[in-house]
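*Asks:* Handing you a structure now.
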Ligand code: B12
Ligand code: SF4
C-alpha cells in the first residue's frame, strides 16, 4: 500500500503517459428496465415495483399532450408544429456537450495525450461515429456520471468490446461511488477492464492507462477494481483528484466539434448540505472544493472571446454557497463585462434582494431552485435548511429582477399531507415563480431517508414506500393534482435541461412561462376531454412566433418516448 500512496501522490505531470489513443464516452440513453434494475435489488416485491411504475408513467404521460397523433414534450411539440409549416429553425436539445466528457478531454490533453483523445458526448445519439472512434482507440473511458444502473455499464462495455475486442474499457465517475450493493461493482468489473472507485479519479486514471496498455498487473493501484476471473478491489474514495484551480477546462483549445453554442462550467466540487432524500451527501465526504474567483473569471474571459458560444450553464449543485462568494463572482463578471446569458442552480436562502440584483446585473437568466415543498414541517423533516419565507422571497426577487425561476418540487416526504401539498400549490400559483417540475419521492438506496427509515416511520422502498402521512401512490396522485391545480406557473417535463434549451433558442423569461402554461393547458383539456382547438392555435402561435433558433437541426426527436419500455433517456424519470 505504501508504494501506492507514493504513486497517487505524484503530480499528474510526473505520471508518464502511454502511447495510446483514447475515446471518452460521456453519456448514453438508459432504458426504463435498466433504470429499474437498480431499484429492483432492494424491492420487497418486484411486482409491486412494476405496478407502481406503470401507475406513475401513466400519470406522467397524461401531463404531455397529444399533438399530431403523438404525445409530445414541449420541445418536440414546438419542432413538430414548426416543421408542419415548413419551418427550418428547429430547437436543438443537444446544443451543449456534458461537462464530464469535456473535462476529461481537456485534462488528458493537458497531461500528455494531446491529439490522441476523442470525445463521444452521447454514444446512443452518435452510434456510427462512436463505433468508428472506438475501433481506432486503445482505451475507452466510460463515464458513469449520468448512468444510474450497472446494467447500462455492462451493456456499453460489451458493445464497446464487440466493436473493438482490443479496446480496454475503464469505467469511472458517479455511479461507481453511488452504488447500493457490492454485487453491482463485481458485475461492472466483470464487463470492464478496470473501474476507478473515487469521486475524482484523475490520478488513478493516469496510472491505469499505461498499465493496461503494457498489459501489466493492476495490483498496488489505489481506488481500482477489476475482475480477472476473480474480483479484486484495492480501496475506494481515497484522495486521487487534482487541484481544481490548475485543472479547469482550457476552452479555446477545444476542437469545434466539442464547442457547441452552450457550455457547461463548474466552479466547485461537493455539496455541504444533507437533504435527507438526496443520495449526494451519502457518497461525498461533504468537503467543498471551491475554485478561486480568479480561475472562474479567467474561464469566462476565455469563453467570452469565442464567437460560437452564446450561453453558459453552471452545473454546480449550488453555485454560490454564500452571499460573499456570490457577490465576488458576480462582481468579477460585471467587471469584465461578461455579456453571455447564464443559468445556475441556487438555494433559496441565497436569493435575497441584494444577491438577486447582483445575479441579474451579471447576466443570469435562469435560476433553478430546490424548493421541494412550501410547508415548514416538510422542509424541516427533509433537513432542507430553508424556511417557507425564503422560498417566497426568492420567487418574488427572481420575478422582480426578470430572472426565470424554476422550482423543483418533491411530494410525499414524511410529514407531507394533502394540506401541505395545498401550500405548495398556493406557492406555485402566487409566489411569482414562473416554472416548475414535480416528482414523487423515490426512496433511493443509501439516501439518508432510506438509512433512517425506522426514525421516519418509513416502510417499503423505492416506489412502494409508505409512512404515517402518505404512501407513494398517493404522492403520485398529488403530483397529478398539482399539475391540475397550478395555472400560473408552467410545468416543464425534464425542465432542468429544457428551460435552458428554450432560453438558448430565443424564448424570453415570460416566453418560456407562457409556452409552458399553454402546453399544460393542452394536456389538461385532454385529461378533461374538453375541446382544445383554440388552445392548440394559441400554442402554435407561441411555437411559431419564436422562429429564431440558433442551431437549426434537420431532424427532431420525441424524447417523450423515454417513458415507454425501451426508449431514450428514461433515467431522467427517476
Ligand atoms: C449538471 C448535472 C445534470 C444536468 C446535466 C447537463 C449536462 N448534460 O451536462 C442535468 C440537469 C440534465 C442532469 C440530469 C440528470 N442527472 Co444529474 N447531475 C448534474 C451534476 C450537478 C453535475 C454533473 C457534472 O457535469 N459534473 C462536472 C464533471 C466535471 O464532474 P463529474 O461528472 O463529477 O466527474 C468527475 C469524476 O467523477 C471524474 N469522472 C467522471 N467520469 C469519469 C470516468 C472515468 C473513467 C474516470 C477515471 C473519472 C471520471 O471526473 C471528474 C473529476 O472531477 C451532478 C452532481 C454533481 N455535483 O456531480 C448530478 C448527477 C450526475 N446527476 C445525477 C442524476 C441521477 C441525474 C438524472 C438521472 C436525474 C433525473 N432523475 O433526471 C439525469 C440524467 C440525465 C442524462 N442521462 O443525461 C446523479 C447521478 C448518480 C449516478 N450516476 O448514480 C448526480 C451525481 C447527482 C446525485 N444525485 O448524486 N444532471
Ligand atoms: S438536494 Fe442539492 S443541496 Fe441538498 S444535499 Fe442534494 S445536492 Fe446538496
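*Asks:* Could you grab me the full set of residues in region 447-482 that are within 16 Å of ligand 2 (Cβ to nearest atom) and surrounded by 17 or more Cβ atoms within 10 Å (Cβ to Cβ)?
*Replies:* Passing the criteria: 447, 448, 449, 450.
*Asks:* Please state which one of 496, 518, 534 is part of a helix (DSSP H, G or I) and in contact (Cβ under 8 Å) with a residue 40 or more places away in the chain.
*Replies:* 496
*Asks:* In region 21-72, what count of residues is obtained for those that are assigned to a strand (DSSP E or B), over 24 Å from the mean Cα position of the chain (by Cα) and either within 16 Å of ligand 2 (Cβ to nearest atom) or farther than 30 Å from residue 112 by Cα (or both)?
*Replies:* 3
*Asks:* If you don't mind, another one. Which of the residues spanning region 75-101 are crowded, with 18+ Cβ neighbours inside 10 Å, part of a helix (DSSP H, G or I) and out of contact with any strand residue (DSSP E or B) (no Cβ under 9 Å at 6 or more places or on another chain)?
*Replies:* Within region 75-101, 75, 78, 79, 82 qualify.
*Asks:* Could you tell me how many of the residues in region 1-57 are more than 22 Å from residue 224 (Cα to Cα), away from ligand 1 (no atom under 16 Å from the Cβ) and modelled with pLDDT of 85 or more?
*Replies:* Total meeting the criteria: 10.
*Asks:* Please go through region 404-430 and give me each residue that is surrounded by 22 or more Cβ atoms within 10 Å (Cβ to Cβ) and closer than 19 Å to residue 515 by Cα, ordered by number.
*Replies:* The answer is 404, 405, 406, 407, 428.
*Asks:* Only residues that are within 14 Å of ligand 1 (Cβ to nearest atom) and over 17 Å from the mean Cα position of the chain (by Cα): list them for region 110-123, please.
*Replies:* The answer is 110, 111, 113, 117, 119, 120.
*Asks:* Filter region 152-162 down to the residues that are farther than 22 Å from residue 98 by Cα and surrounded by fewer than 18 Cβ atoms within 10 Å (Cβ to Cβ), then identify the one that is farthest from the chain's Cα centre (by Cα).
*Replies:* Restricting to residues being farther than 22 Å from residue 98 by Cα and surrounded by fewer than 18 Cβ atoms within 10 Å (Cβ to Cβ), the top hit is 162.
*Asks:* Tell me the residue from 166, 72 that is surrounded by fewer than 23 Cβ atoms within 10 Å (Cβ to Cβ) and more than 15 Å from ligand 1 (Cβ to nearest atom), please.
*Replies:* 166
*Asks:* Can you name every residue in region 261-276 that is crowded, with 21+ Cβ neighbours inside 10 Å and at pLDDT 95 or above?
*Replies:* If the condition is that a residue be crowded, with 21+ Cβ neighbours inside 10 Å and at pLDDT 95 or above, then 262, 263, 265 are the ones that fit.
*Asks:* Out of region 243-259, which residues are within 12 Å of ligand 1 (Cβ to nearest atom) and crowded, with 18+ Cβ neighbours inside 10 Å?
*Replies:* Answer for region 243-259, where residues must be within 12 Å of ligand 1 (Cβ to nearest atom) and crowded, with 18+ Cβ neighbours inside 10 Å: 247, 248, 249.
*Asks:* Which condition breaks for residue 210 when tested against (1) out of contact with any helix residue (DSSP H, G or I) (no Cβ under 9 Å at 6 or more places or on another chain); (2) within 16 Å of ligand 2 (Cβ to nearest atom)?
*Replies:* Condition (2) is where residue 210 drops out.
*Asks:* Turning to a different aspect of this structure: Output the residue which, of all residues in region 342-382 that are farther than 25 Å from residue 264 by Cβ and within 22 Å of the chain's Cα centre (by Cα), is surrounded by the most Cβ atoms within 10 Å (Cβ to Cβ).
*Replies:* 373
*Asks:* Scan region 278-297 and give yes if some residue there is surrounded by 15 or more Cβ atoms within 10 Å (Cβ to Cβ), away from ligand 1 (no atom under 15 Å from the Cβ) and either in a helix (DSSP H, G or I) or at pLDDT 95 or above (or both), otherwise no.
*Replies:* yes
*Asks:* Where residues in region 310-336 are within 16 Å of ligand 2 (Cβ to nearest atom) and either part of a helix (DSSP H, G or I) or without any contact (Cβ under 8 Å) to a residue 40 or more places away in the chain (or both), which of them is nearest to residue 363 (Cα to Cα)?
*Replies:* Only one residue tops the list, namely 326.
The values are calculated or read from the model by the stated rules, or taken from the named source; none is laboratory data. What you are looking at is a predicted structure, and each value in this text was computed from that prediction instead of being measured. When we count neighbours, we look across all protein chains shown, and the Cβ atoms used for this are built from the backbone with ideal geometry, even at glycine.
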